[in-house]
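See below for the structure under consideration.
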Amino acid sequence: MGYGGIVRNSTMICVPLMGQSVEKMVSDMFQAKAQGADLVEIRLDYIKNFQPRQDLEILIRDKPLPVIIVYRPKWEGGQYEGDETRRLDALCLARELGADYIDFELKVASDPKGFHNLNYHSNSKTVVSCHVGGMTPSKEDLSHLVARMQSTGANIIKLVTDAVDITDLERIFHLLPHCQVPIIAYSTGDRGLISQLLCPKFGGFLVYGCMEGNSIPGLPTLNSLRQAYKPEFLNADTKIFGLISNPVSHSKGPILHNPAFRHVGYNGIYVPMLVDDLKEFFSVYSSPDFAGFSVGIPYKEAITGYCDEINPLAQSIGAVNTIIRRPSDGKLIGYNTDCEASITAIEDALKARGGPNQESPLTSPLTGKLFVLVGAGGAGRALAFGAKSRGARVVIFDIDYERAKSLAHSVSGEAHRYEEISNFRPEKGAILANATPVGMHPNTDRIPVAEVTLGDYQLVFDSVYTPRKTRLLKEAEVAGAIVVSGVEMFLRQAIGQFNLFTGEEAPEEFMREIIWETFL
Ligand SMILES: O=C1C[C@@](O)(C(=O)O)C[C@@H](O)[C@@H]1O
């Protein structure tokens, strides 16, 4: 049994190994085991001067984990260019020596003349594999392919496609539950990542992961699988939540939401979704399994066009960062949790320091203050509406002056051209909020305002959360301002999302601990 009474499934975590020597392969196997792998895939075609008998004896004798032996030829995307009989002899030898799984390409397995006795009695299991390059075939074509692979008598089948778009993966998910033998199916590349993460929900046989410092596009790290995603707890009932964003890999959402789900015994998974086309995305991922979404850059405004209903706060802001698929009718309902998250983070920091606006606990410390906002995109809109709702006077800078003017108009504020920011001196006690990505990893030396002006602000807030303390915040602290990190906003918006996703109260203290450990 797992968390909250959820039964563990039998999904294994496999690491593909591409060492150039037998010694490296053996040491990588031990490392993979130490990092939590259940089995490894040994790519013989990567070993330089591979000597079948000698090398296989060592690999199989010294293996600390079950192994899948793969000797991929050039014609199927591998490295091996030599004689085909020699290649197949080596695979058969691996089987005789007791390798746990042997991978034969479909072309070999479906050619009775050339094939080296696939149904040979041994303890090894046969994996019949096929890599379909280029565009992902239609659902019908994939089903035919799987039927062909099954008819070879394979113990396990392995189907690999190249993901051009995240929507290609839905054809893989559709295939998985219908297969009659254990199936490994996934798509390669950055856009293929969720085919690994979600395959156990749909019944996939294993998940591939990579070791730390050895990243492979489209593969999660072993650490993220073991700590965050925990594929062994997924099942057909698991609800999928995803962050729709582009880029998406910077997000700390998965390491926060997944443990929080488990902490309260909620059967859900939260994954990064690298989305290129919102329209295509929502038309393909329309099943109730995809129960909700976070929305990140650059989609917070555009996504409002894909929501069936929008909650009044998000509607007035014009930006949505959370979507729930309403279980009763499947409609997509948009919310904005950024607004309260950022404004309460700023208010709490002002309250903690005390100050002139502390007359009544019911009055916001922002009331009457000048609120200088840099950036009028999705996050900026949330900040501007939040500040206005607390009675602050809002001044907005954006590289797109028209955008700044339009937001200023909505919050009865003032817009300025971005070039003017270096000379802008606010009144004493003003608040500065950065809602642009300036200063975000990897461009951490950038700062959105002139340093000399920082001393005029009582508090400086940065919505950037990687790094926790941006250059803007460091300089502001030196200048004597109270600083509020985007990490605090990130945490609070995620707490708001958790409540909406699960309908349960978020484990706030637990989430706070994870976040501060992560950003230490
Ligand atoms: O701004 C953010 C951060 C986020 O995009 C992320 O990186 O996890 C997730 C969004 O929902 C949120 O509004």
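For this structure, a couple of remarks:
- Among the criteria (1) aromatic (Phe, Trp, Tyr); (2) within 16 Å of the ligand (Cβ to nearest atom); (3) more than 22 Å from residue 200 (Cβ to Cβ), the one residue 261 does not fulfil is (3).
- Among the residues making up the stretch 262-314, those that are open to solvent by 60 Å² or more (accessible area, probe 1.4 Å) and either aliphatic (A, V, I, L, M) or under 21 Å from residue 490 (Cα atoms) (or both) are 263, 297, 298, 301, 313.
- Scan of the stretch 269-318 for residues that are among the β-branched types (Val, Ile, Thr) and within 11 Å of the ligand (Cβ to nearest atom), ordered by number: 295, 297, 303
- Any chance residue 253 is small (Gly, Ala, Ser) and open to solvent by 10 Å² or more (accessible area, probe 1.4 Å): no
- Residues satisfying the stated conditions in the stretch 365-407, i.e. crowded, with 18+ Cβ neighbours inside 10 Å, more than 16 Å from residue 339 (Cα to Cα) and of a type in the set (Gly, Ala, Ser): 404
- All conditions but one from (1) surrounded by fewer than 19 Cβ atoms within 10 Å (Cβ to Cβ); (2) within 24 Å of residue 485 (Cα to Cα); (3) modelled with pLDDT of 95 or more apply to residue 356; the one that does not is (3).
- Residue 426 vs. criteria open to solvent by less than 20 Å² (accessible area, probe 1.4 Å), touching a strand residue (DSSP E or B) at 6+ places or on another chain (Cβ under 7 Å) and free of Cβ contacts under 8 Å to residues at least 60 places away in the same chain: yes
- Among the residues examined, residue 111 qualifies as modelled with pLDDT under 95 and more than 19 Å from residue 206 (Cα to Cα).
- Filter result for the condition that a residue is within 16 Å of the ligand (Cβ to nearest atom) and acidic (Asp, Glu), over 420, 414, 340: 340
The values are calculated or read from the model by the stated rules, or taken from the named source; none is laboratory data. Remember, predicted model here, so these are calculated numbers, not experimental data. All Cβ positions, glycine included, derive from the backbone under ideal geometry; neighbour counts span all protein chains shown. Side chains are part of the model used for accessible areas, which takes the heavy atoms of the whole protein and leaves out ligands, DNA and RNA. Shrake-Rupley method; radii C 1.70, N 1.55, O 1.52, S 1.80 Å.
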